Every structure is written in structure tokens, then in C-alpha cells.
Amino acid sequence: MRDYDMVDPSESPLRVGLVGLGSLGVRLGRQFETVPNAELVALADINEPNLADAGRELDVPQSAQYADYETMLDEATLDAAAIATPNGLHYEQILAALDRDLHVLCEKPLATAVDDAAELYQREQETDRVVMLGYQRHLNPAFIMARERWATGNNDPTSITAEITHDWRSYYETMDDWRMDPELSGGGHLLNVGSHVLDAILWVTGLTPTSVDATVEFHDDDQYFDTQSSITIEFANGALATVSDTGIVACTREHIHIWDDDGAVYLEGREWDERTGYTIDAEGTKHDPYLDYHGRRTKAEAFTESVLEGTEPPISVRDAFRTLVVTMAAYESGRTGDRIELADRYAFGDDALLG
């Protein structure tokens, strides 16, 4: 069990500085506004209109608004940094926060290169700061139910199928969004959206991925921005997962179906509604367990709780590392046509990273 530093909530609320004030950052800021033991005390964004608008909405004074995030980390009195910037900035910004001895909540992905992610994992292991990532399905009651059945239970998954669809067609047509910038995005639809499903499969099952084989359709000649993909993941126990990801259809749908010898858990969702789940028994009968979606924690609540109680966060750096390894292996397989053996390609001297 890791030892984490604790912040005494009786002395003062957790003081948080937020970096990145696009729509995702503002939503994260609103979450912190509802946490009794946390206070959003500073904001940083290079976009001055976004910074000013967020300051008004989140009630952060102009004196605590910064165009440069490192200036904010140096000058503001903070306990934690929340990061909601484009993917390609996460690596350097997490390190900058840890260099200043801060706790960190960062939206996914952990990084856009596996080597950088491995460095962040090693760095996180050496600190007593809480570092949490933004894969929110870890906080969803249906996914927690599934995890209790497999990753923390005695059953062994045998077959997994998953699909996620989404509409990124305008991004591919105009190529003017930050998601279409190689330096900021790090990849296409799979890294930005589909990785939520890959993360959920790995976290819910607790299985060890051993190889990845993928067919990937790319939008650009450099094979950087994928539009859709079909991925097969093999696991150490012999289970197979097939994952379909597409960003060029008209609506958002998500399905993850996981089977074992006693039945299955089906996890479903559409658009931005809450993802829900139900079970199927060995005879094929559907069951709808009661799940308290209204009582679920937000990312800000879960992060604050982990910091104040000195406990491991529900979305760890290790979780995010494993997801990035599988995601980047799918890209490599799609570009080369080869099956990627993960232990051979991503050996960092710590087998527990993938296990």
C-alpha cells in the first residue's frame, strides 16, 4: 500500500489551480466549486478571452488569473494543480506540478508517447503526492459493479466485445481544431475518444494484455490521425477483446460486453448520457441491479477525497499507462500490419506495469 501525503481539511480547503480553460476545463472548474473541502484559487490559460470568461464564471479574481501556467504554479499558493489542456501538454505540465510538490489531477491521456508515460509512472512512484487521471468511467456505478465481479473477484473473463462511435467529421473536413494538430493531439479518434473504452476494459477486468493486432484507417498520408479502427487484444489468461472505434458517424454510442462462464455484464451508453449496465446469467436471463447513479462522485470530489485522506486515487497513473500502451500498440500495428507483442515492445523493467 502506497503512503500518500495528507492535507488537513480543518486547516484550510484544498487550494487548486486550474490549467486549461476550454470547455473541459471549465466543467472541471465547476466541479471543484461544489466540493466543500476544495477551493479553486487560481486559473491559467494562454487564451485571454477564455481566461477572463472563466474567471467571471468561476469567481476567480483577475489577480489570480495567469497567461502562463508556470507563473501560476510559482506565484499562487496551491496544494494541487488540475490540468485540462490538450494531450501533448500533459507530460510537461504534470512534471512541472510535481516539481513544485503539488498533487495533480490531469485529464486523459497521461502522455502522447509511451516513454514519457513510463517516466511519469516512475516519477509518481517516487512521490507522496496524489496523481489522478480523468478516465471517468472508474467513477460510474455500472463499471464499478463490473470491476467487483472481475478485477477484484474470482471470475475470469473469457470474451470481450466493445464499440464506440462518435462524430468528428467536421474536424477531419477542416483540420483546424487542436485535435488535428500533431503536437497538441498526439493521435486521432482512438487516442482522444476510443481510449476511454480501452481503459474501461483493462480496469474492469484487471487482465494482463499481451498482444495487440489492429486495422486502422487514417485520414492523412502521414498516418497520424485515425478515423476508425478495429482492434484485437489478447490477454495472458487466453481471453480476447475485439474493439471497434469510429469517429466518422452521426452519433455517439458505446457498448462493452464482457462474458465469463457464469454470464456477462453489458455496459451501454449513448451521446453524453450516463453509461448504464446490466447482467446476464448463464441461462441468458437479463437482470437489472440497482445502481446509485445519483450518488456517484465527480472527478473533483474523488481527487479531493484521495488527497485529504491520503489514499490511492480511483484512476491511477498505472491505469493510464496501461491504456496508453495498448492504444499506441494499436497505432503501430495499424501502420505496420504487424501484431505487436507488448512485453517485447514495451519492456520498462517492471512487469507490474502491464500485469
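The values are calculated or read from the model by the stated rules, or taken from the named source; none is laboratory data. Small disclaimer: the values here were computed from a predicted structure and weren't measured. Positions of Cβ are backbone-derived with ideal geometry, glycine not excepted, and every protein chain shown enters the neighbour counts. In case anyone asks, the SASA skips ligands and DNA or RNA and just uses the protein heavy atoms, side chains included. Shrake-Rupley method; radii C 1.70, N 1.55, O 1.52, S 1.80 Å.
What to note about this one:
- Filtered by the rule that a residue be more than 30 Å from Thr276 (Cβ to Cβ), assigned to a loop (DSSP other than H, G, I, E, B), under 14 Å from the mean Cα position of the chain (by Cα) and not polar (S, T, N, Q), segment 98-123 gives a lone residue, Ala111.
- Residue check, Arg137 surrounded by fewer than 20 Cβ atoms within 10 Å (Cβ to Cβ) and part of a helix (DSSP H, G or I): no
- Members of segment 272-287 found to be of a type in the set (Ser, Thr, Tyr) and open to solvent by 40 Å² or more (accessible area, probe 1.4 Å), listed by number: Thr276, Tyr278, Thr285
- Applying the condition of being among the charged types (D, E, K, R) and within 19 Å of Val265 (Cα to Cα) to segment 288-307 and asking which residue is surrounded by the fewest Cβ atoms within 10 Å (Cβ to Cβ) yields Asp292.
- Subset of segment 77-121 (residues that are among the small types (Gly, Ala, Ser) and touching a strand residue (DSSP E or B) at 6+ places or on another chain (Cβ under 6 Å)): Ala80, Ala81, Ala82, Ala97
- Being buried (at least 17 other Cβ atoms within 10 Å of the Cβ) and within 15 Å of Met145 (Cβ to Cβ) is true of Gly269.
- For Val26, the stated conditions do not hold, so it cannot be described as in contact (Cβ under 8 Å) with a residue 60 or more places away in the chain and within 23 Å of the chain's Cα centre (by Cα).
- Annotation: Tyr224 fulfils all but one of (1) surrounded by 16 or more Cβ atoms within 10 Å (Cβ to Cβ); (2) out of contact with any Lys or Arg (no Cβ under 7 Å at 6 or more places or on another chain); (3) touching a residue at least 60 places away in the same chain (Cβ under 8 Å); the unmet one is (3).
- Selection status of Trp203, in contact (Cβ under 8 Å) with a residue 60 or more places away in the chain and over 17 Å from the mean Cα position of the chain (by Cα): no
- Count of residues meeting criterion [more than 11 Å from Leu21 (Cβ to Cβ), open to solvent by less than 80 Å² (accessible area, probe 1.4 Å) and outside any helix (DSSP H, G or I)] in segment 41-65: 3
- Checking each residue in segment 151-166 for being among the polar types (S, T, N, Q), touching a residue at least 12 places away in the same chain (Cβ under 8 Å) and assigned to a loop (DSSP other than H, G, I, E, B) picks out Thr152, Asn155, Thr158.
- Here Asp68, Asp99, Asp115 are screened, and the one residue that is open to solvent by 10 Å² or more (accessible area, probe 1.4 Å), touching a residue at least 12 places away in the same chain (Cβ under 8 Å) and among the acidic types (Asp, Glu) is Asp68.
- Selection status of Ile160, buried (at least 18 other Cβ atoms within 10 Å of the Cβ), hydrophobic (A, V, I, L, M, F, W, C) and touching a Leu at 6+ places or on another chain (Cβ under 8 Å): yes
- Of all residues in segment 124-133, those that are open to solvent by less than 70 Å² (accessible area, probe 1.4 Å) and assigned to a helix (DSSP H, G or I) total 1.
- Criterion: surrounded by 15 or more Cβ atoms within 10 Å (Cβ to Cβ) and either in contact with an Asp or Glu (Cβ under 6 Å, 6 or more places away or on another chain) or over 22 Å from Leu139 (Cα atoms) (or both) - qualifying residue of Val204, Val212: Val212
- Taken over segment 111-129, the criterion of being within 26 Å of Val26 (Cα to Cα) and either touching an Asp or Glu at 6+ places or on another chain (Cβ under 8 Å) or among the small types (Gly, Ala, Ser) (or both) is satisfied by Ala111, Ala117, Arg129.
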